[in-house]
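Reading through the structure tokens given below for one structure.
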Amino acid sequence: SWQMEPTIVYALLAIVVVLLVLVAIRSGGGSAPKEDTWESHVFEHEQEFTEIGESLWVIRGHTSYGMPRNMVVCGLRHGAVEVEETKPDTPRRSLRVKKRVAQQVVKKLGVQPLLIHSCVALNEETMAKLEKLGKPTVLVVPNAYHRMDAALYKKRYPDAVVLCPEASKAAVSKVVEVNGTCEEHLSAYEIKHHAMPGNSFELMYQLPLSMAHPAMGYAFVVTDAMFNMPTGNIIGRILGSIGPLGVTRIGRMFMGSGKKAFADWLREIKDEVFWQAVIVAHGDVIRGAECAEQLEAAADRLWPAAE
């Protein structure tokens, strides 16, 4: 009798799961829930921040369906950035950025300005630990699917600047006021970003382990572009998200013909920067000399170099 190939079965199941997730997001899963309180957003998470470098930390949270979701915290040299939008009737809408040196900010506030990548609502005990590290000053919403807790952070830290990629601005603006794009304004904080060929909906962020000592190396930070989940539940397996560092089955579907370009870019970028950490939103952190090796291996799994 006729039997369906396992790969086709997995693909069909993955499509069904993705559709269910998208429906959940559109009905409130990707924005604020009906009970819009800080407590209603808090899920299980680690109790301590993992130090990646003297200016960089990671904490792992979880979604309601068991998917790990990492938040990255980066200490900044330049804080108290003011972003002002010009009048709507000007020929070209632009954003003016005004910097103050970090020493003046720290002297005035007594705290380290922080950049938060992919906000995760934590319980009050853990938020107190975050605030011991410094004051959230820049909130980076990395894409439309990681906007869930951004509005709550903005409410808690009203002076914080909210930035997101240009491609996600329309979607992110539905849940929180966006002050500008990462492409335009991250450089004001001495943070580099990289466009990723084959992936148009998010950026890669090059975060220093130490702002004061860049020679210590950098962290390669992405959100949904790559996962690193050696183990996981049945949903992760259906989605093709379980495995070593790489693009998931769903990610490859969205990339279409861009897979080769993304793989080639990974091979180039792995040697251009002294990577000391690879941090993904979903999965384990890779550290040390293994970073370049894992980036190359991920490229080979996506598109073998010989092809």
Original post:
Of everything in region 267-282 that's outside any loop (DSSP other than H, G, I, E, B) and in contact (Cβ under 8 Å) with a residue 60 or more places away in the chain, which residue is most open to solvent (accessible area, probe 1.4 Å)?
Top reply: Gln276
Original post:
Tell me, which residue of region 283-307 that is in contact with a helix residue (DSSP H, G or I) (Cβ under 6 Å, 6 or more places away or on another chain) and open to solvent by 70 Å² or more (accessible area, probe 1.4 Å) is farthest from Leu266 (Cα to Cα)?
Top reply: Trp303
Original post:
Can you tell me which residues in region 147-157 are open to solvent by less than 10 Å² (accessible area, probe 1.4 Å) and in a helix (DSSP H, G or I)?
Top reply: Ala150, Tyr153
**OP:** Filter region 213-238 down to residues that are out of contact with any Gly (no Cβ under 9 Å at 6 or more places or on another chain) and of a type in the set (A, V, I, L, M), then give me how many there are.
**Re:** 5
**OP:** Residue by residue through region 250-266, note down the ones that are surrounded by fewer than 16 Cβ atoms within 10 Å (Cβ to Cβ) and within 28 Å of Thr50 (Cβ to Cβ).
**Re:** none
Original post:
For region 131-140, which residues satisfy the criterion of being of a type in the set (A, V, I, L, M, F, W, C) and surrounded by 19 or more Cβ atoms within 10 Å (Cβ to Cβ)?
Top reply: Val138, Leu139, Val140
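The values are calculated or read from the model by the stated rules, or taken from the named source; none is laboratory data. Since the model is a prediction, treat every value here as computed from it, not as a measurement. Counting neighbours? That spans all protein chains shown, and the Cβs are built from the backbone with ideal geometry, glycine included. Calculation scope for accessible area: heavy atoms of the full protein, side chains included, ligands and nucleic acids excluded. Shrake-Rupley method; radii C 1.70, N 1.55, O 1.52, S 1.80 Å.
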